[in-house]
2 protein chains.
Amino acid sequence: MSVITIERKVLEKNDEVARQNRTAFAQRNIFTINLVSSPGAGKTSLVEKTLETLKGRVNIAVVEGDVQTDLDAQRVAKYSVPVVQIVTNGACHLEAKLVQDALVNLNLTNINLLIIENVGNLVCPANYDLGEHAKVVVASTTEGDDKPLKYPAMFRNASALIINKTDLLPYLPCSIDALKLNALSINPSLEIFETSCTTGKGIEPWCRWLEKRSVKETGAR
Amino acid sequence: MSVITIERKVLEKNDEVARQNRTAFAQRNIFTINLVSSPGAGKTSLVEKTLETLKGRVNIAVVEGDVQTDLDAQRVAKYSVPVVQIVTNGACHLEAKLVQDALVNLNLTNINLLIIENVGNLVCPANYDLGEHAKVVVASTTEGDDKPLKYPAMFRNASALIINKTDLLPYLPCSIDALKLNALSINPSLEIFETSCTTGKGIEPWCRWLEKRSVKETGAR
C-alpha cells in the first residue's frame, strides 16, 4: 500500500511541475510536443527530417532524453538549433522536473516549437506529463500492427500517431490498415501520419500540422 | 529518499521470490530463459520458430508477459505446448511473484525448457530477476546499431543477444558489425546469434544452444 501512496505522490508532484512548464511555454508562445515510441522506431530521424523541412518556417528547439549517451543530441546539433541532452542514468522515462531543469540550459528566444524526444519506451512515459501541448507517438511498421492493443495507454494519451518506416512495408508482415484500425479502436481522435525518413515521403504533411499548431499557439497570444 | 527505500525493498522482495523460483526450476530440472526486447523486436515470432524447431527434441513450456491482451499466448497455444499469459495491466515489466503465480497454472511435467517472454521494454525488465538461468535480449536490425550503448543495463545483464530480422538488412542503415561491437563493448561475454524468423536463417544454431543447455541442466541433476 505504501508503494502505491508514494507513486501517487510522485505523479502528483510531477503534474504540478508539468503545469509550471505549461505556463512557461504559454508565456513564451512555444508549442511543445512530447515524442514517444519504442526504442529504434525512428524518433531522432524524424526530428532530423522535421528540422530540415521546417528550416526558415518555424524556429525549433530540441530536448533529447536518453537512458545513456548524448548520441541523439550530437545528431540534432548538426542542424544548428538549440538542443540539450537529458541523460536519465537508468530511469525509464522523462519527468517534468528534468525538462524544467533542462530548459535553463536552452536559448528559447524566438522559439515557436519545442520538441522533447522522450526515452525509447512504449510503457512508462505514458504516465508522466511534461507540460507538453501534444503527445505524439511514433510506431514503426517493423514492430507489427498489434502494438496499439498491447500498449494501449500510450496510444490513448497521444494526440497524433506517426506510422514510420513505411518504405519497409513491402518486406514486412504488417498491415497498415490493421495498425490504423487498432490505434483508432483505442483512441478514435488520433491524427495519423504515414512517414518514411529514408525516402522523405509523408514528412511534409506532418510538418504542416506542426507548423499550423506552432503558428496558432503563437498567434493566439 | 523514501521512494528509494521503498524501491530497494521492492527489489529485495523480488530477489527473494526469484530465488524461490530458481530453486523450483532446479528441482524440476528445467532450464529457464527470460526473453527481453523492445516492443516489436520479434520475441513471439522467435518463440514460435523455436517451438517449431525443437519439437521432439526439447519439451518446452511458455509464460507470456504483456501489458494488455493475450494475443501472444494465443499464437503460442497453436504449437500445443503448455502456455500461460500474464497480463500486467499497465506495469512495465514482469516480477518474480507474477511468474511464481503463473507457474501454478502451468503443467510442468517432463518440461526441460521454460521460456518466459517479458513485456516489450528495453529498460525496466533489466532490474527484475525472475529466477531464470539466462536473460536473452533480442535486438532487431530495424532498431539501428546504437541500442546497446543507449540501453546498456539490458545488454550488461544478458547472457545472449539475438540479432533478429537480419533479412531486412539490405534495406536498412544498420551495420551488424557495429551492433555487435557496441554490444560486446558493454558485455564482452555475450553469446551472439543472428536470426531471421521470416526466412528461418540462424534459428538452428540458436536452438542448438538452447537444447545443449536444457539437456545439460537436466542431465546435471
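Suppose R0 equals 22 Å. What FRET efficiency, 1/(1 + (r/R0)^6) with r the Cβ-Cβ distance, do residue A:184 and residue A:208 give to the nearest 0.05?
0.55
Can you list the lysines whose alpha carbon sits under 19 Å from that of residue B:55, skipping same-chain ones fewer than 8 residues off?
Excluding near neighbours in sequence, the set is B:43, B:78, B:201, B:212, B:216.
In deg cm²/dmol, rounded to 500, what helix-only [θ] at 222 nm does chain A give when every DSSP H run of at least 4 residues adds -39500 (n - 2.57) and the total is split over its residues?
That calculation yields -12000 deg cm²/dmol at 222 nm.
Between residue B:110 and residue B:156, what is the label-to-label distance in nm when each label sits 7 Å out along the Cα-to-Cβ direction?
4.3
What's the tally of Lys pairs in the range B:123-181 whose alpha-carbon atoms lie under 16 angstrom apart, where the two lysines are 8 or more places apart or on different chains?
4
From the label point of residue A:10, set 7 Å from Cα along Cα→Cβ, how far away are the matching label points in the other copies, in nm, ordered shortest to longest?
Copy-to-copy label distances at residue A:10, shortest first: 0.5 nm.
Ratio to report: Rg/Rh of chain A, with Cα atoms as the point set and Rh obtained by the Kirkwood method; give two decimals.
0.95
Can you compute the modelled spin-label distance between residue B:101 and residue A:176, with each label point 7 Å from Cα toward Cβ, in nm?
4.1
On a straight-distance basis, which aspartates and glutamates could pair with residue A:49 in a cross-link, Cα separation under 12 angstrom, same-chain partners fewer than 8 positions away excluded?
Of all the aspartates and glutamates, those that pass the test against residue A:49 - Cα under 12 Å, at least 8 places apart if same chain - are A:204.
What residue among B:200, B:56, B:120 has the largest mean-square fluctuation in a Gaussian network model of chain B, using Cα springs under 10 Å?
B:56
Which loop-located trypsin sites (Lys or Arg not before Pro) does the range B:1-67 contain, where loop means any DSSP state but H, G, I, E or B and the Cβ has at most 14 other Cβ atoms within 10 Å?
B:55
Largest first, please: the extent of the C-alpha atoms of the protein assembly as shown along each principal axis, to the nearest Å.
72, 50, 41
What is the dipole size for the range A:2-218, taken about its Cα centre, with +1 at each Lys and Arg Cβ and -1 at each Asp and Glu Cβ, in debye to the nearest 20?
Magnitude of the dipole: close to 420 debye.
Between B:128, B:151, B:171, find the one with the highest GNM mean-square fluctuation for chain B; connect C-alpha pairs within less than 10 Å.
Comparing B:128, B:151, B:171 in a Gaussian network model of chain B, the most mobile one is B:171.
Rounded to the nearest 20 Debye, what is the dipole magnitude of the protein assembly as shown about its Cα centre when Lys and Arg each give +1 and Asp and Glu each give -1 at the C-beta?
80
Springs between alpha-carbon atoms under 10 Å, Gaussian network over chain B: tell me which of B:34, B:59, B:89 tops the mean-square fluctuations.
Per the Cα network of chain B with a 10 Å cutoff, B:89 tops the list.
Please arrange B:15, A:177 by counting, for each residue, the other beta carbons lying within 10 Å of its beta carbon, fewest first.
The most exposed by this proxy come first: A:177, B:15.
Tell me, what is the percent relative contact order of chain A, built from C-alpha pairs under 8 Å that lie six or more residues apart?
Worked out over chain A, it gives 25 percent.
Counting only other chains, what is the mean number of Cβ atoms within 10 angstrom of the Cβ of each residue in peptide A:142-152?
Across A:142-152, the average partner-chain Cβ count within 10 Å equals 6.
None of the figures in this text is laboratory data; all of them are computed from the coordinates on show. Please read these numbers as outputs of a predicted model, since none were measured by experiment. As a convention, Cβ positions derive from the backbone with ideal geometry for all residues, glycine included, and neighbour counts pool all protein chains shown.
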